[in-house]
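A short write-up of the structure that comes next.
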Amino acid sequence: MTNESIREAAAGLFPGGVNSPVRSYRSVGGDPVPVVRGAGPYVFDADGARYIDYVGGFGPAILGHARPEVTRAIAEAAAEGLTFGALGPREVELAAAIREATGLERLRFLNSGTEATMTAIRIARAATGRDLVVKFDGCYHGHSDGLLVRAGSGVATLGMSDSAGVPQAVAGLTAVLPYNDPAALIRWFDAHPADTAAVIVESIPANVGILAPDPEFLQVLQAVPRAHGALLIADEIITGFRLARGLSGVLPAADLVTLGKIIGGGLPIGAIGGPAHLLGLLAPEGPVYQAGTFSANPAVMAAGLATLELLTPAAYQRLEQVARHLENGLRTAIRRAEVPASVVRYGSMLSLFFRPEPPRDYAQAREADTAAFARFHRAMRARGVLIPPSQFETWFVSLAHNEPEIDATVRAAAEALREACPA
Ligand SMILES: *Cc1c(COP(=O)(O)O)cnc(C)c1O
């Protein structure tokens, strides 16, 4: 099959020709790159072209693609049988490793990040006996009905402020506040002191590009909901094991934490972690129902274990070093090209915004020049560099990226920036 034959067949089979919206390249134009395989920092399309990859599977691929230790672990697990619907040894090992790295007392494994946040909210509602949930404008927490309200990610680029098919009765239980606005959160709790079950937030929002949290906002987030008996849910589905071996450390006072992406080693996963009194509300111990045919699947657990084994403190130092090299190179390229662009980076996650200053919130992120980003994306792709196909997705650097790939990326960016913003 060629790129064209794959895209043509997909167009007749899948809505929009894809199985997840942002893969369609609608916001950057041009035909999506069908990926046939990956190796280290590279992906290859069906016509044989090679790209330096910063999509990183939208977050999980922290080791790069097809790392032998991980693929071997999956093959070994698969050879022993794929799914039993029974407790097994690997889930115990992976949970113990996560507990040691995060301090989370109890865990439940699920099959996606969407399931993790959806269930965390169910726990919070059961724990508090309240219905309302607060989220922040532009934060993405998966696609469950109640969280699909001004949610960034694919929704941001597609310009949907909301999704069709979500009943008003459900959406109406979710309040959306501006990010980085402590006064708005205080005002919310002044007006609704006793009805809010939970405040959910990305520890570092990374689904509208990256938003840098203000220290004062983080302080209010960790104090005000608690003072009113509401739980704080830290969504660490991107940041968990991305910025450090364990949690990001941004919201140490969170009551519940959701994990996903990296901990599955490239296979589908989600997890909820927290204290025994909250996780104990889950069935069969408690009254909150949640279940999954594939939960804690042996192959997924094996991939996660093999991945976590390689994520040593030295690995994070190396990621920091390589990603800083990329950041510095991009900053220099932006300065030399004299284009109105800015870079935000936390560890191995990075955003390049076509606006002169990094945004503080979703409203500012939306002011970025998405047409310039689309031209930049196409120009990078033409030079063999694949960045996420939206201004509002984060670039991920992996342990397989080395200085030669970063230097090649920066050289490509120096030219692509000029194409994106012609004088
Ligand atoms: C990816 C993501 C999710 C959803 O995870 P899925 O596995 O795609 O369902 C939730 N929250 C954040 C912060 C994410 O980045």
query = Net charge near residue 98, counting Lys/Arg +1 and Asp/Glu -1 over other residues with Cβ under 12 Å of its Cβ?
reply = -1
ask   = Between residue 39 and residue 105, what FRET efficiency comes out of the Förster formula 1/(1 + (r/R0)^6) with R0 = 45 Å and r the beta carbon distance, rounded to 0.05?
value = 0.70
query = In whole percent, what relative contact order does the stretch 15-81 give with Cα contacts below 8 Å and a gap of six or more residues?
reply = 20 percent
query = How do 145, 407 line up, fewest other C-beta atoms within 10 Å first?
reply = 407, 145
key: Net charge, residue 238 excluded, C-beta distance under 15 Å - Lys, Arg +1, Asp, Glu -1   = -1
query = Can you work out the base-10 log of I(q)/I(0) for the stretch 260-394 at q = 0.11, 0.14 1/Å, using the Debye formula on its C-alpha atoms alone?
reply = -0.64, -0.88
remark   = Length gained, residue 66-residue 183, 0.36 nm per residue minus C-alpha separation, equals 37.5 nm
query = Fully extended, how many nm does the chain gain between residue 363 and residue 87 (0.36 nm per residue separation, minus their Cα-Cα distance)?
reply = 94.8 nm
inquiry  = With an 8 Å Cα cut-off and a minimum separation of 6 or more residues, compute the relative contact order for the chain in percent.
reply    = 23 percent
key: Contact order normalised by residue count of the stretch 68-310, Cα under 8 Å, 6+ apart, percent   = 30 percent
message = With the alpha-carbon atoms as the only input, what is the per residue convex hull volume for the stretch 1-94 in Å³?
response = 158 Å³
query = What does the helix-only formula give at 222 nm for the chain: each DSSP H stretch with n ≥ 4 adding -39500 (n - 2.57), the total divided by the residues, and the result rounded to the nearest 500 deg cm²/dmol?
reply = -12000 deg cm²/dmol
note = Using alpha-carbon positions, the gyration tensor of the stretch 68-310 gives root eigenvalues a ≥ b ≥ c; with a/c under 1.5 called rounded, otherwise prolate if a/b exceeds b/c, else oblate, the class is prolate
query = What is the chain by shape, rounded, prolate or oblate, if you read a ≥ b ≥ c off the alpha carbon gyration tensor as root eigenvalues and call it rounded for a/c under 1.5, prolate for a/b larger than b/c, and oblate otherwise?
reply = oblate
message = Need the full-extension length gain, residue 80 to residue 318, defined as separation in residues times 0.36 nm minus the C-alpha distance. One decimal, nm.
response = 82.2 nm
request  = Work through the residues other than residue 315 whose Cβ is under 13 Å from its Cβ and net out their charges, Lys, Arg +1 and Asp, Glu -1.
outcome  = +1
Where a label projected 7 Å from the Cα of residue 331 along Cα→Cβ would reach, residues of the stretch 349-366 with amide N under 20 Å = 349-360
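No value in this document is a laboratory result; all are computed from the given coordinates. Everything numeric here is computed off the predicted structure, so don't read it as measured data. A quick note on method: Cβ atoms are made from the backbone with ideal geometry, for glycine too, and the neighbour counts reach across all protein chains shown.
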